[in-house]
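Laboratory data are not the source of any read-out in this text; all were calculated from the coordinates shown. What you see is a predicted model; the values in this text were computed from it and never measured. Quick reminder, even Gly has a Cβ in these numbers, built from the backbone with ideal geometry, and neighbours come from all protein chains shown.
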């Protein structure tokens, strides 16, 4: 119990696993896999919702609708991870594109591993070109997870 | 209205007048644009030295917000409200620096061009073909006590450009053929006049409300955070509630006097400041050895009506000696709603 408490406080582990998601979509199977990796590595999970800001707005413009999409998703990830005893340290980041937002994120913080969902059919989320970029530019070990196409996809959690 | 119409000049005129009236006036930041008349008008006004920063090998000057606040004048003149600060400054935008100065009880006169107003961004693009990157939120205009339009006819402004009073020679020629085309300036002028007319109408309607009624219904949220991951959740929940209440929101970290943040805490603080900035939350770092006492003072100063706090992580000994944090808050913060943000995963765990 003590171990669990310490991990919930976020002070018991130092490895950080980033799981970025965008365009209002996070696949549940990918999340489950990220949680399994975090548990195996005794790491903190950092779910990061990447908000795409159109050029006509400043990068720190108040994108209220996007925040409204992001917050329940982050809450859902936090709940799912905390239930498994995994410490969570969520983020929201903005950028012109998902890759721009990711760059801003890892410029500010260190991550030991990045777990990214691959595109699944017509679901929103990362696009193949963005994943290609990620593989050549990410500063940490990167895992791209392809969700099981036979499973139902969850694109928002209320 | 647009570059070169004389906004900085007008701001300095107001500053000189305030000085004559006996007010304590300083220049927080001035962009003289190499215009001799503008520089001359600044004579006699105390200037708070700028902060020298370096970015990408370049040395850049920014407003030294802390020095302005420490100097505590009655009025600060701060040029270029829409300016984006150098990376690494506490605030990304100058209007956030201005918010801090206003929060310290200092009046501010600032300058801005209409094309930087966020809600007009599309309209500006349509009429000028120029997509303005540096924008500022409309609330800044809404919150201003007064908005003064520095108006100049397009012909006069183009004459000023030709005379080299706005940009030097070659740059002026390019500007005349692009952004400063007669039709662009006419459209910008129309936009700004319409915007201010709407602002005047909105103020007239707001002022007709009984001030006491406004005070009674206005909500202001205060989120108590610590440099810990769980504070991200507190900020998010507080923001959602503030959205529903149409309320302003502050976040506060009470740093005990002798506490030096660890590296991990500094990372967490930076992340909290970042999300606060994105969500439009005013982030306050206040020293204090007694959390409840400090929060009580800040809540009174900010007019907070609703406090968000995480589940306290207290030592039993402290609870016995001083009473639990929550019971002290309820006792010592009368008239303020308090909401404890719990970890929902714990609820499910308890049910199992």
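The table below lists the values:
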{"quantity": "For B:94, B:236, A:69, order by how many other beta-carbon atoms lie within 10 Å, fewest first", "calculated": "A:69, B:236, B:94"}
{"quantity": "Contact order normalised by residue count of the range B:1-97, Cα under 8 Å, 6+ apart, percent", "calculated": "28 percent"}
{"quantity": "Mean separation of Cα contacts under 8 Å, 6 or more apart, over the residue count of the range A:2-145: relative contact order %", "calculated": "31 percent"}
{"quantity": "Burial ordering of B:95, B:29, fewest other beta-carbon atoms within 10 Å first", "calculated": "B:95, B:29"}
{"quantity": "Burial ordering of B:102, A:131, B:235, fewest other beta-carbon atoms within 10 Å first", "calculated": "B:102, A:131, B:235"}
{"quantity": "The range B:293-314-the range B:1-75 distance, computed between alpha-carbon centres (Å)", "calculated": "35 Å"}
{"quantity": "Normalised convex hull volume, the range A:51-139, alpha-carbon set, Å³ per residue", "calculated": "126 Å³"}
{"quantity": "Whole-angstrom gap from the range B:254-274 to the range A:80-145, using each part's C-alpha centre", "calculated": "25 Å"}
{"quantity": "For the range B:1-159, Kirkwood radius (reciprocal of mean inverse C-alpha pair distance, Å)", "calculated": "16.6 Å"}
